[in-house]
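Please treat every number below as a calculation from the coordinates, not as lab data. Given the structure is predicted, the values throughout are model-derived calculations rather than measurements. Here Cβ is always computed from backbone atoms with ideal geometry, including for glycine, and neighbour counts include all displayed protein chains.
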Amino acid sequence: MNPTPAFRPGDASRRAWRRLRRDRGGFASLVVVGLLLVLALFGSAVASRLVGHDGNTPFAYASGNGGRPVGPWTRVPDPATTPIGEFGNLLPAPKGSPRELFVLGADGPIGRDELIRLFDGLRTSLEIAIGAIVVALAIAVPVGAAAGYFGGTVDTVVSQITETFMAFPLLLFLLFANRYLIGDFRSLGWSWVVPDGALAEAALIGLFTAFYPTRLIRAQLFVLRNAEFVDAAHMIGASNWRILRRHLMPHLAPILLVWAAVAAGTNILAEVGLSFLGIGVQASTPSLGSLLSEIWGTIYNTVPYDSRTHTPWQTVFPMVLIVATVVSLNRLSEGLRRATEPRGMLR
């Protein structure tokens, strides 16, 4: 009779990784998400180095007298001194002026590089999405763990609060908080690393979405607290804190990974929605939502589409990036669920 092989702590993670690699859709979405993260972190700096300008520099000839911005793969004159006519109109660029390449065209009448601003916007939106997940987990893990493990009055109070807040539309909470609660907090930032408004928006989205992981953690621990390994830990004198930290928390990792992938996509859509409500990040901060709201305006100040001052690319490029990011994250969450789900009953 062959002895049963000893269980090693890394076996579960290695098994999940093998399953994810065999899942073509899940692994492809992981590659796409990884590529998007690399573009968000390094795309703007690399593109700026290659084309010789950043995403905040305006180019007069990229829009031409405040008119229709240039399209993809256009070389724009960049003279040392911009010639202006006697009526304030833009004169043709002098012959021999150096030219700057706009790979995806300009972003509008200001004449900034659309490609670099897309990279900057992707970074900001991902910072908001990931920051909101961190805030939500910082609230949900201790609260959900206390409710699910101890039960009783703690569970009753937490359940009532979460069910009450989840009954209200999330967007109304965010609208009220942005308008009346955070005030100058919206202007907080840290250079280009954390742009103005990103920290406040991440905190608000995380605060008002923490109820969902709280319920997941509570439900999971409500089952696990009666498992045999928990009873064994009690018998050898382990404290509740040790049981939660060493024995129960590792079991939460798979379900929280799946939730985080879904929440990241949802948070990006929330950021876009807040931008169209006019309560997103600062107007000067590029994000996937603000790039679209600059073209179409907000619900308070709509901007009708004018083919003389806008191009379809200003809408197409941000929308493609939003769809690719959200779909990849949702597909990755499904792959993670299949990779981490147990194949047998809990022992």
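Which chymotrypsin sites (Phe, Trp or Tyr not before Pro) in the stretch 262-306 sit in a loop by DSSP (not H, G, I, E or B) and have at most 16 other Cβ atoms within 10 Å of their own Cβ? Before the final figure, lay out the partial values.
On the way: sites: F276, W296, Y300, Y305; in loops: Y300, Y305.
Passing both the DSSP loop test and the Cβ count: Y300, Y305.
Taking amide hydrogens as modeled 1.01 Å from N in the peptide plane, which residues meet the under 5 Å criterion relative to G278, leaving out close sequence neighbours?
Here I299 satisfy the definition.
Computed over the Cα atoms of the stretch 202-347, what is the ratio Rg over Rh, Rh following Kirkwood? Walk me through the intermediate numbers first.
Values: Rg = 21.9 Å, Rh = 18.6 Å.
Checking Rg against Rh, the ratio lands at 1.18.
Using label points projected 7 Å from each Cα along Cα→Cβ, tell me how many nm separate S284 and D231, to one decimal.
For S284 paired with D231, the spin-label model returns 6.4 nm.
Could you tell me how many cubic angstrom of Cα convex hull volume the stretch 30-125 has per residue?
On the way: hull volume 9.5 nm³, N = 96.
Spelled out: Cα convex hull of the stretch 30-125, divided by residues, is 99 Å³.
If you take the C-alpha gyration tensor of the chain, multiply each eigenvalue by 5 and take the square root, what semi-axes do you get, largest first, in whole Å?
Working: eigenvalues 478, 113, 44 Å².
Square roots of five times the eigenvalues give 49, 24, 15 Å.
Counting only helical runs of four or more DSSP H residues, what would the 222 nm mean residue ellipticity of the chain come to if each run contributes -39,500 (n - 2.57) and the total is spread over all its residues?
On the way: 12 runs with 197 residues, N = 347.
Here the helix-only value at 222 nm equals -19000 deg cm²/dmol.
Please list, by residue number, every one of the trypsin sites (Lys or Arg not before Pro) in the stretch 49-136 that is coil in DSSP and has at most 16 other beta-carbon atoms within 10 Å. Write down the numbers at each step before the final one.
Working: sites: R49, R75, K95, R99, R112, R117, R123; in loops: K95, R112.
Listed in order of number, the matching sites are K95.
By how many nm would the segment from R99 to F150 lengthen if fully extended, with 0.36 nm per residue of separation less the alpha-carbon distance? Write out the running numbers ahead of the final one.
Values: separation 51, 0.36 × 51 = 18.36 nm, distance 6.76 nm.
Once the chain is fully extended between R99 and F150, it gains 11.6 nm.
Output the DSSP H helices from the chain with an along-axis C-alpha extent of no less than 30 Å and a mean Kyte-Doolittle hydropathy no less than 1.0. Write down the numbers at each step before the final one.
Details: long enough: 114-150 (53 Å, 1.43); 249-276 (39 Å, 1.41); 313-340 (40 Å, 0.66).
Length and hydropathy pass: 114-150, 249-276.
Counting just the Cα atoms, what span does the stretch 77-154 cover along each of its three principal axes? Round to the nearest Å and put the largest first.
80, 26, 17
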